[in-house]
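What follows is calculated from the coordinates using simple rules that are stated; it is not laboratory data. Source: prediction; values computed, not measured. Positions of Cβ are backbone-derived with ideal geometry, glycine not excepted, and every protein chain shown enters the neighbour counts.
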Amino acid sequence: MLYLTTPSGPNVRAAMAAGLLGWMNTPAQGNILPAGQRWAADNGCFGRGYPGDDGYLVFLDEHGDRAKDCLFATAPDVVGDAENTMVRSLPFLPEIRKRGYPAALVGQNGLEDLEVPWDAFDVLFLGGDTEWKLGEHARALTAEARRRDKWVHMGRVNSLKRLRYANQIGCQSADGTYVAFGPDVNLPKCLEWVRKVNAEGQQTVLEAA
């Protein structure tokens, strides 16, 4: 399990450089991404950080020399709405791949009711609201994605309990902002979460966070 977060201070950056954490990068961040850093590109649609379709492609182009180190780049999505996410994402997925990035489809509420275009993307990113993300449909989609040898990532993971749950259902990475709120105190706690979860391995306990 790899945990990605924002580069909130020198100690967090040092942990990232050591491979203990990954870097979740967004167009609004404006940070310089170090060479060799494991990272992922999030579009910023959750919140107010999306720069528009053209701006997002420019962002990916600007980091194209780091695409080989990138776990995924998310296609634009609509929070909580799988149907409109699909309309928005499908034209974008090949553009992401064309730039050398693994393309991520953000799973949203209702994805289980649609025909999932599995061949069009490389990574399933579990978004949606909390109930959906921690529910049976997201678990089933995760299992199917893993069966198809696709990477699965869970967004908005800010506790040991939720990180453990993500690991247990088959996610290989997760992200959250916990470290950013008091990195001196929260960084050691977060690193301990990751250590514990990786020591436990994937189990079959499905207790939602």
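Say each of residue 95 and residue 161 gets a label point 7 Å from the Cα, pointing the same way as Cα to Cβ; how far apart are those two points in nm?
4.0 nm
Computed over the Cα atoms, what is the radius of gyration of region 60-137 divided by 2.2 N^0.38 Å, N being its residue count?
1.10
Report, in debye and to the nearest 20, how large the dipole of the chain comes out about its Cα centre when Lys and Arg carry +1 and Asp and Glu carry -1 on their Cβ.
In debye, rounded to 20, the chain gives about 800.
Between region 50-84 and region 1-40, what is the separation of their alpha carbon centroids in Å?
Their Cα centres are 17 Å away from one another.
Compute a Gaussian network model of the chain, connecting alpha carbons closer than 10 Å, and tell me which residue from 40, 174, 15 fluctuates the most.
Comparing 40, 174, 15 in a Gaussian network model of the chain, the most mobile one is 15.
From Cα pairs below 8 angstrom and at least 6 apart in sequence, can you work out the relative contact order of region 53-134, rounded to a whole percent?
Worked out over region 53-134, it gives 30 percent.
Of all trypsin sites (Lys or Arg not before Pro) in region 92-195, which ones are in loop regions per DSSP and have a Cβ with at most 13 other Cβ atoms within 10 Å? Spell out each step's value before the answer.
Working: sites: 97, 98, 99, 133, 139, 146, 147, 148, 150, 156, 161, 162, 164, 189, 195; in loops: 99, 148, 150, 156.
Sparse-neighbourhood loop trypsin sites (Lys or Arg not before Pro): 148.
Could you work out the per residue convex hull volume over the alpha carbons of region 1-56, in cubic angstrom?
Values: hull volume 5.1 nm³, N = 56.
So the per-residue Cα hull volume is 91 Å³.
Hand me the trypsin sites (Lys or Arg not before Pro) from region 13-77 located in a DSSP loop with no more than 10 other Cβ atoms within 10 Å, in residue order please.
48
Could you work out the per residue convex hull volume over the alpha carbons of region 1-117, in cubic angstrom?
So the per-residue Cα hull volume is 109 Å³.
If the cut-off is 13 Å between C-alpha atoms, which aspartates and glutamates fall inside it for residue 98, apart from same-chain ones fewer than 8 positions away?
61, 122
Arranged by the count of other C-beta atoms within 10 angstrom, fewest first, what order do 194, 79 take? Please list the in-between numbers first.
On the way: 194 19, 79 15.
Ranking 194, 79 by Cβ neighbours within 10 Å, fewest first, gives 79, 194.
With an 8 Å cut-off on Cα pairs and a minimum separation of 6 or more residues, tell me the relative contact order of region 104-209 in percent.
Value for region 104-209: 23 percent.
Over the alpha carbons of region 101-209, what is the largest minus smallest coordinate on each principal axis, giving the biggest first in Å?
Projected onto its principal axes, the Cα set of region 101-209 covers 44, 28, 26 Å.
If each residue's Cβ is checked for other Cβ atoms within 10 Å, how do 169, 32, 96 rank with the fewest at the top?
32, 169, 96
Mind checking which lysines have their C-alpha under 26 Å from residue 133, skipping anything on the same chain fewer than 8 residues away?
Excluding near neighbours in sequence, the set is 150, 161, 189, 196.
So which residue, out of 114, 160, 21, gets the largest mean-square fluctuation from a GNM of the chain using Cα contacts under 10 Å as springs?
114
Taking a point 7 angstrom from the Cα of residue 200 along the C-beta vector, which residues in region 1-35 have backbone N less than 18 Å away?
1-4
Please state the relative contact order of the chain as a whole percent: Cα pairs under 8 Å, 6+ residues apart?
Value for the chain: 19 percent.
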